[in-house]
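Accompanying notes for the structure given below.
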Amino acid sequence: MELPPLLRRAVDRALNGMALDELVTTAAALSQRYREERSEGKAYVASTQDALAYLAVRLPATYAAVRASFAAIAEACPDFMPKTALDVGAGPGTALCAAVECWPTLAKALLVEVSPIFRAFGEQLAAEMQQPKMTWRTCDVAVDEISDEPRDLVTLAYVLNELAVVDRQRLLERLWRLTADTLLIVEPGTPAGWQRILAARRQLIEAGGHVIAPCPHANACPLEPPDWCHFARRVARSRVHRRAKGADVPWEDEKFSYVAVSRKPATITGARVIARPRKASGRVTLKLCRPDGSAGAQLFSRRDGELFKRASRSDWGSSL
Ligand SMILES: C[S@@+](CC[C@H](N)C(=O)[O-])C[C@H]1O[C@@H](n2cnc3c(N)ncnc32)[C@H](O)[C@@H]1O
């Protein structure tokens with residue numbers, strides 16, 4: 001997945017002028033902090049250099065993960081046409097960029113962010129793109145009031161891990177109250193990220209929410225550790241991204257876990273492909289999470305006719 005050209009250009013302009021060796025060192029330290037997932041209540045991004053490194057090496061990946069999650073929501077709920085959005089822990093406004101691409105109906109958005117550095121970059125990127133009317137609020141969502149106006153689409157992307165454990169449940173309660181239609185939570189696709197998603201999923205189902213993606217059911221998750229539910233998106237690396245990471249390969253795979261919960265049930269009929277398909281001549285094996293709440297591998301062969309064709313075309317994360 002590539003960043004949309006307008007966003008790509010805005011990011012490149014923001015990075016213009018940052019010395020490469022500084023970008024390389026800062027990006028390496030930032031990636032290490034994210035890999036270790038050891039923030040819990042502390043900000044990973046503490047300086048302008050950190051925020052620039054985030055734009056170079058993390059934004060393309062978080063954009064791809066959020067955009068893929070939105071695509072799953074749009075598929076499950078084709079009539080969902082959000083006009084208003086709330087993005088919490090917005091960073092440089094990644095989720096809103098992806099939301100506008102998925103739903104051009106979006107007209108108004110509130111972006112809430114604790115870091116004035118991130119907010120400044122977000123405002124700069126938005127000024128260069130044709131974003132809907134957006135309002136930024138600088139506040140700490142663990143303690144400050146967010147808003148009193150429910151919005152159609154509420155997003156919390158790659159934020160839960162930066163909150164103290166005791167603040168997560170309370171924030172989700174408040175975000176659900178602020179959700180007029182659909183709430184999306186995205187986390188890194190690690191076992192720990194999946195556990196945070198599972199806890200959020202349980203809490204939101206208990207609050208009356210309907211899971212619309214990725215799970216095709218509201219039963220307990222059928223996966224058991226060391227297995228975990230996650231997806232992957234291949235992300236194109238720009239030249240500066242490759243140089244910042246000292247990488248030769250022009251792409252990377254971003255693993256992510258997510259849950260989307262709506263006030264209305266979706267008409268879910270199919271299973272979800274929850275691992276990379278294994279394809280061989282005349283056969284494809286898919287690991288599926290099924291509407292009856294079970295999960296497991298299923299072999300499709302030419303004898304399955306149309307179903308085999310659909311299974312062959314499916315990808316990790318597709319619904320079948
Ligand atoms: C990993 S970044 C994700 C940014 C963006 N959502 C994305 O997907 O690219 C996490 C963001 O959450 C923000 N954040 C962390 N704790 C916060 C808090 N208590 N209140 C508001 N924002 C917070 C951080 O400043 C940072 O911008």
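The values are calculated or read from the model by the stated rules, or taken from the named source; none is laboratory data. All figures in this text were calculated on a predicted structure; none of them were measured in a lab. Cβ coordinates were reconstructed from backbone atoms using ideal geometry, including for glycine residues, and neighbour counts include every protein chain displayed.
When Ala46 is evaluated against the numbered criteria (1) surrounded by 15 or more Cβ atoms within 10 Å (Cβ to Cβ); (2) within 11 Å of the ligand (Cβ to nearest atom), which criterion, by number, is the only one it fails?
For Ala46, the exception is condition (1).
Tell me, which residue of the range 74-95 that is near the ligand (Cβ under 9 Å from one of its atoms) and part of a helix (DSSP H, G or I) is surrounded by the fewest Cβ atoms within 10 Å (Cβ to Cβ)? Steps first, answer last, please.
Let us first name the residues in the range 74-95 that are near the ligand (Cβ under 9 Å from one of its atoms), namely 87-95.
Those left that are additionally part of a helix (DSSP H, G or I): 94-95.
Details: Thr94: 30, Ala95: 32.
The selected residue is Thr94.
Determine, yes or no, whether Val112 is modelled with pLDDT of 95 or more, in contact with a helix residue (DSSP H, G or I) (Cβ under 6 Å, 6 or more places away or on another chain) and part of a strand (DSSP E or B). Can you show your working first?
Details: modelled with pLDDT of 95 or more: yes; in contact with a helix residue (DSSP H, G or I) (Cβ under 6 Å, 6 or more places away or on another chain): no; part of a strand (DSSP E or B): yes.
For Val112, the condition - modelled with pLDDT of 95 or more, in contact with a helix residue (DSSP H, G or I) (Cβ under 6 Å, 6 or more places away or on another chain) and part of a strand (DSSP E or B) - is not met.
Out of the range 193-217, which residues are exposed (fewer than 15 other Cβ atoms within 10 Å of the Cβ) and not charged (D, E, K, R)? First the steps, then the outcome.
First pass over the range 193-217, keeping only residues exposed (fewer than 15 other Cβ atoms within 10 Å of the Cβ): 195, 202, 206-208.
Selection gives Gln195, Ala207, Gly208.
Do we have Arg313 as basic (Lys, Arg) and surrounded by fewer than 18 Cβ atoms within 10 Å (Cβ to Cβ) here?
Numbers: basic (Lys, Arg): yes; surrounded by fewer than 18 Cβ atoms within 10 Å (Cβ to Cβ): yes.
Spelling it out, Arg313 is indeed basic (Lys, Arg) and surrounded by fewer than 18 Cβ atoms within 10 Å (Cβ to Cβ).
Return yes when Thr285 is in a loop (DSSP other than H, G, I, E, B) and more than 28 Å from Tyr54 (Cα to Cα) and no when it is not. Reasoning before the result, please.
Details: in a loop (DSSP other than H, G, I, E, B): no; more than 28 Å from Tyr54 (Cα to Cα): yes.
No: the conditions fail for Thr285.
Does the range 1-11 contain at least one residue that is more than 16 Å from the ligand (Cβ to nearest atom), loosely packed, with under 15 Cβ neighbours inside 10 Å and free of Cβ contacts under 8 Å to residues at least 60 places away in the same chain?
Among the residues of the range 1-11, at least one is more than 16 Å from the ligand (Cβ to nearest atom), loosely packed, with under 15 Cβ neighbours inside 10 Å and free of Cβ contacts under 8 Å to residues at least 60 places away in the same chain, which makes the answer yes.
Where the second residue is among the basic types (Lys, Arg) and not in a strand (DSSP E or B) and the first is away from the ligand (no atom under 16 Å from the Cβ) and lies in the range 127-154, which pairs have Cβ atoms under 6 Å and are six or more apart or on separate chains?
Asp152/Lys83
When you check Gln131 against the structure, is it surrounded by fewer than 22 Cβ atoms within 10 Å (Cβ to Cβ), assigned to a loop (DSSP other than H, G, I, E, B) and at negative phi, yes or no? Spell out how you get there, then give the answer.
On the way: surrounded by fewer than 22 Cβ atoms within 10 Å (Cβ to Cβ): yes; assigned to a loop (DSSP other than H, G, I, E, B): yes; at negative phi: yes.
Here the answer is yes, as Gln131 does meet what is asked.
When the residues of the range 112-126 are filtered to those that are over 24 Å from Met1 (Cα atoms) and within 20 Å of the chain's Cα centre (by Cα), which remaining residue is farthest from the ligand (Cβ to nearest atom)?
Filtering first and then ranking leaves Arg119.
Do the conditions hold for Phe256, that is, is it touching a strand residue (DSSP E or B) at 6+ places or on another chain (Cβ under 8 Å) and in a strand (DSSP E or B)? Outline the logic, then answer.
Details: touching a strand residue (DSSP E or B) at 6+ places or on another chain (Cβ under 8 Å): yes; in a strand (DSSP E or B): yes.
Criteria met by Phe256.
Restricting to the range 155-185, give me the number of residues that are in a strand (DSSP E or B), among the β-branched types (Val, Ile, Thr) and within 9 Å of the ligand (Cβ to nearest atom). Don't jump to the end; show me each part of the working.
Pass one, the range 155-185, residues in a strand (DSSP E or B): 155-157, 179-185.
If we keep only those that are among the β-branched types (Val, Ile, Thr) too, we end up with 155, 179, 182, 185.
Checking which are within 9 Å of the ligand (Cβ to nearest atom) leaves us with 155.
The total comes to 1.
Failed condition for Asn161, given (1) at pLDDT below 95; (2) closer than 28 Å to Lys83 by Cβ, with all others met?
Result: Asn161 fails condition (2) only.
Looking at Ala71, Ala99, which one is crowded, with 21+ Cβ neighbours inside 10 Å, within 17 Å of the chain's Cα centre (by Cα) and not in a loop (DSSP other than H, G, I, E, B)?
On the way: Ala71 fails: crowded, with 21+ Cβ neighbours inside 10 Å.
Within the list Ala71, Ala99, the selection yields Ala99.
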